[in-house]
Amino acid sequence: MKKSTITIIALAASLTVIVGFVIFLGLGTYLSKAKSASTVITEHNTNGEAVDRSINAVLGNTSAGYGEYAEAAPDAVDPNLTNPTIIDPTKGRLLIRTVDMTAETVNFITVENDIKAKTIAAGGYMEYSSVSGTGKDRNLRVGNYVIRVPADKLDELISSVGSNCTITYSSESTTDVTLQYVDTTARLESLQIEYEQLLDLLEKADDLDNIFLLQNRLTEVRYEIESTKSTLLVLENQVQYATLSLTLQEVLEEREIVEPHVITFSERITQQFEAMKEDTKVFFQGLVLWVISALPGLIFIMVNAIILILIISSVRKKKRMAAERIKAAEASANNVKDESKS
């Protein structure tokens, strides 16, 4: 009885050890796979460039890596991922026109409504609009508008604005984006090709690590495609629709803008003579004013000069008379000598 019990216990213990060993092996294999997957995910999150290099090795290219973008990978090519080009750079330069204007008017509401109506009639729209002031008790209004109209309608709109109010300032800038548009279009096409290649590789992939990397790259490429499409759409909108930034000021009286006049040669000669005459007049006026202001000093100098001249004349007269007396005495002495000799 004791031997049977011992045998049963031994068999049970052996069976327990065997089952536990099998479970341990299965759990170890599962944990090893989980650890490998976790390692791949960690390396992807902490080193995006390494992941990009792995994908480029699969694709056989050396394109630069992209930033992270957490989104589920699409199952098929989106039919909307096509080139949204609606302008052709081969038919001419792609130019973005921007005009800044400042205008004055005494009929603020009338001009504002007219501008809005003509903007709509031209196929444009008011992108931004703000008005400050009440228009009462000299609290004059100021309106700021950003108007977008088809590029070929911009000049017509500017002319209509100038006919209803007084333009006090105007400037225009033009930006050529032809090269930028062509480069962006080429980048979009390259991304679309890469997207399709990634889908083909994903269908053929059977390794868990490669599937994971391919799905992440698909997400990143899709994000780049959408971003590039947005850039193209912005450029197309800016090229097709010119921008007019208008500041409309309400005034009590509009200023009269004098047209510039080209001065001829004869007019320049006349202006020179007029300037010379004016300069001569100013000179003599200044001279008279200086003489008047210096008159006391001049009188003092003149009086002293007269006194000095009188003194000098008196001294010279006395010297002359003394010399004459000496000559007369000498002559008389000579006469006396002559008579004594006789």
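Numbers for the structure displayed
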| quantity | calculated |
| --- | --- |
| FRET E, pair Lys91, Ser129, Förster distance 56 Å, beta-carbon r, rounded to 0.05 | 0.95 |
| Accessible area per residue in Å² at 1.4 Å probe, computed on the range 151-209 | 60 Å² |
| Distance between modelled label sites at Ser245 and Asp176, nm, 7 Å Cα→Cβ extension | 2.3 nm |
| Residue-level accessible surface for Thr280, protein heavy atoms, 1.4 Å, Å² | 70 Å² |
| Per-residue SASA entry for Arg141, accessible area with 1.4 Å probe, Å² rounded to 10 | 50 Å² |
| Net lengthening on full extension, Ile292/Glu156 (0.36 nm per residue, minus Cα-Cα) | 42.3 nm |
| Residue order for Lys317, Lys204 - accessible surface, 1.4 angstrom probe, largest first | Lys204, Lys317 |
| Heavy atoms of Glu189 accessible to a 1.4 Å probe, total area in Å² rounded to 10 | 90 Å² |
| Estimated FRET transfer efficiency (Asn237, Lys204; beta-carbon r; R0 51 Å; 0.05) | 0.80 |
| Rg/Rh (Cα only; Kirkwood hydrodynamic radius) as it applies to the range 181-243 | 1.18 |
| Heavy-atom accessible area order for Met302, Met126, Met101, largest first, 1.4 Å probe | Met302, Met126, Met101 |
| Accessible surface of the range 109-194 [probe 1.4 Å, protein heavy atoms]: carbon and sulfur percent | 51 percent |
| Net charge of Cβ neighbours under 11 Å - reference Glu274; Lys, Arg +1; Asp, Glu -1 | 0 |
| Gain on full stretching of the segment that runs from Ser314 to Val142 - 0.36 nm per residue minus C-alpha separation | 53.0 nm |
| Spatial separation of Cα centroids for the range 140-171 and the range 263-291, in angstrom | 45 Å |
| Rounded FRET efficiency, nearest 0.05, which uses the C-beta distance separating Glu267 from Thr166 and R0 of 22 Å | 0.20 |
| Per residue solvent-accessible surface (Å²) - the range 266-309, probe of 1.4 Å | 91 Å² |
| Simple Cβ-charge dipole of the range 239-332, Lys/Arg +1 and Asp/Glu -1, about Cα centre, in debye nearest 20 | 1940 debye |
| Accessible area, probe 1.4 Å, largest first, for residues Leu295, Leu199 | Leu295, Leu199 |
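The values are calculated or read from the model by the stated rules, or taken from the named source; none is laboratory data. This one's a predicted model, so the numbers in the text were calculated from it and none came from an experiment. Cβ coordinates were reconstructed from backbone atoms using ideal geometry, including for glycine residues, and neighbour counts include every protein chain displayed. Keep in mind that these areas ignore ligands, DNA and RNA; they rest on the heavy atoms of the full protein, side chains included. Shrake-Rupley method; radii C 1.70, N 1.55, O 1.52, S 1.80 Å.
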